[in-house]
Every structure is written in structure tokens, then in C-alpha cells.
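Derivation of every value follows stated rules applied to the coordinates shown; laboratory data play no part. All of these numbers come straight from a predicted model, not from anything done at the bench. Virtual Cβ from ideal backbone geometry, glycine too; neighbours counted across all protein chains shown.
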Amino acid sequence: MVASTNLIISCNLSCLPLKVNPKPKSLLKTHYTSLLFSNTGTRKSLNISNLVKPQYIYNSKKGVLQTCYSTLNSDNKSPDDQVLDKDATGGGKEGGRDWTTSILLFVFWGGLMYYVFNLTPDQTPSRDMYFLEKLLNLKGDDGFRMNSVLVSLWYIMGLWPLVYSMLLLPTGRSSKTSIPVWPFLILSCFGGAYALLPYFILWRPPPPPVEENELGRWPLNFLESKLTSGILLAAGLTIIVNAALNGGEWKEFYQYFRESKFIHITCLDFTLLSAFGPFWVYNDMTARKWYDKGSWLLLISLVPFLGPALYLVLRPSLSEMPVSQSPTSSEEQ
């Protein structure tokens with residue numbers, strides 16, 4: 001009688017060991033599927049509910065477990081089947097990319113560039129050129145004494161690219177894109193945060209694994225050196241203390257900030273580098289699996305320049321972390 005109902009049943013075969021637990025954990029999950037009959041009257045006469053549990057049939061000859069489902073109603077899939085289909089087609093959350101952050105950063109960078117080129121004050125272009133030549137030592141001693149706060153700002157801006165190089169190499173690299181980070185770090189020596197923001201937009205974590213032979217080569221051996229980070233922190237601390245002690249020149253510096261395009265853009269650059277610093281400290285910290293011990297440094301990293309520089313001194317070295325071996329080194333072993 002059942003055969004006359006045109007019931008179509010498909011069986012998915014999953015290889016299992018011959019010794020099967022009488023109550024496997026995988027069978028404890030309740031999976032329901034719809035069995036549709038072409039004859040509704042037959043379904044009622046058999047007193048079969050629309051939702052029944054799948055039948056698990058153990059075949060002692062083949063040593064497999066057969067899970068039988070109805071194939072007449074392919075639209076009614078179990079939640080697990082929908083998850084598997086989503087993962088198989090790449091439609092899962094991890095299969096794509098959330099572009100919200102990149103779009104917001106791009107809009108922010110575009111607005112920033114518009115402000116820099118069109119809205120910043122530009123009342124003293126000739127004086128800006130004179131200040132730039134003095135800071136680059138292109139002018140001799142003409143008796144004019146530069147503002148100490150401006151000089152300190154100029155020197156600290158020269159140290160920021162090194163800080164970001166130590167934070168972005170290697171834990172800030174992208175493994176899902178072919179865009180390298182080093183061109184943006186080189187450009188940051190001249191453009192600061194304005195040159196780094198495009199990389200922030202294109203950045204896609206996680207970073208690629210670090211090969212063991214990379215740690216002894218340039219530039220990682222220099223960027224991971226505690227001597228480098230120690231000198232960086234000492235130099236930054238000296239520059240900032242020197243600017244703080246010249247309190248009488250801050251009023252003059254503020255007047256420069258309101259009038260000079262060069263000084264206005266430089267101050268804005270310093271603010272942006274200080275604002276993005278804590279995020280890259282957190283990224284580097286989690287990549288080194290040091291968040292549990294070093295999370296207190298996240299608050300300190302909010303201090304402009306000195307916070308990230310202190311983290312670079314205290315963070316664990318990559319040589320102390322598990323790294324992947326290169327193919328050549330693994331073949332030698």
C-alpha cells in the first residue's frame with residue numbers, strides 16, 4: 001500500500017565504524033523533514049504526520065548508517081542543511097567581506113583630503129616655506145630662533161613612521177589581499193597619516209604567518225629589536241618633555257596653527273596618528289596572543305606617541321611566539 005503512494009525516499013550514506021554506539025550523540029539531535037505524498041487520502045489513512053523524524057537504518061553488510069529523507073519537498077530543509085548550503089556556496093558571514101568599515105574610512109579620508117586642500121587656513125604661505133627650509137636645515141643661521149614647540153612637533157613627526165612600521169610589520173599585513181604594506185610605510189615618512197589611511201581602507205586581516213627565517217633578516221630583525229624600541233621611546237620622551245618645558249611658546253604656536261597651512265596640517269597629522277595608534281597596538285597585541293597579560297597597555301596607548309612606544313618596548317618578541325617554518329627549513333629537518 002505504501003508503494004502505491006508514489007513516495008520517493010533518498011538515502012544519504014555516511015561511512016561509520018562497524019561498532020556503533022547504541023545512542024550516538026549525533027542521533028540525539030532532532031531533525032525533522034517533510035514527507036509529502038501525492039495522494040492526500042493515503043497520507044491520512046496511514047495516519048502519518050507531516051513532520052516525522054528521519055529514519056536511521058544500519059546496514060550490517062556494508063557497515064554504514066543510512067539516513068533517509070524525503071526528496072519530494074526540497075524546499076523544506078533542516079537548519080543544518082541550510083547552514084551547510086550557505087557555507088558551500090560561500091554565502092556565509094565569513095565567505096564575504098563587510099565593507100562598512102572600509103567605506104566609512106574612505107569617506108573620512110576623502111573628506112579629510114578636501115579639508116586639507118580647500119579649507120585649512122593659508123594666510124602665510126611665504127612664512128610656511130621659510131619655516132620648512134629652516135626645519136630642513138636648508139637655510140643657514142640668520143639670527144631667527146624657531147619656535148621650540150614647532151621644532152619638537154617636527155622631530156616627533158619623524159619618529160611616527162618608525163612606530164607604525166613596528167606595529168604593522170608583520171602583524172598588520174594582509175593575508176587576503178596582494179597589497180603590501182611597505183609602500184604605504186615609506187610614503188608615510190612624507191605624508192604621515194594621509195598616506196597610511198588608504199592602506200587602512202584596503203587592509204584585510206588576518207596577517208600571513210611569519211616564517212622562521214624572516215626573523216633574522218631585515219627589516220624584522222631591526223623592527224623587533226628591543227634596542228630600537230628603547231631608543232625610540234627615549235627620543236620621543238626627550239622631545240615631548242622639551243616641548244612641555246617651553247610653556248611660554250605655546251601661545252605663539254597656537255597663533256601659527258590658526259594662520260599657517262603647513263603647521264595646521266602637521267598638527268592634524270599628529271592627531272590622526274595618535275588616534276589610530278591604540279587600534280594597531282590592540283591588533284599587534286592580539287596577533288602575538290598577549291592580550292591577557294598586556295591589556296592594561298591599551299589605556300596607556302591612548303597617550304600620544306609615548307603610549308604606543310612604551311608598548312613596543314614591553315611587548316613579547318616574535319622569536320618567543322610560535323612561527324611557521326619555511327619550506328626550505330622544513331626540508332632540511
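Based on the Cβ-Cβ distance from N221 to W182, what FRET efficiency comes out when R0 is 22 Å, to the nearest 0.05?
For R0 = 22 Å, the calculated efficiency reads 0.90.
Each residue of region 157-313 gets 115 Å³ once the volume of the Cα convex hull is shared out per residue. Paramagnetic label reach from K251 (point 7 Å along Cα→Cβ; backbone nitrogen cut-off under 19 Å): within region 127-150, residues 145-150.
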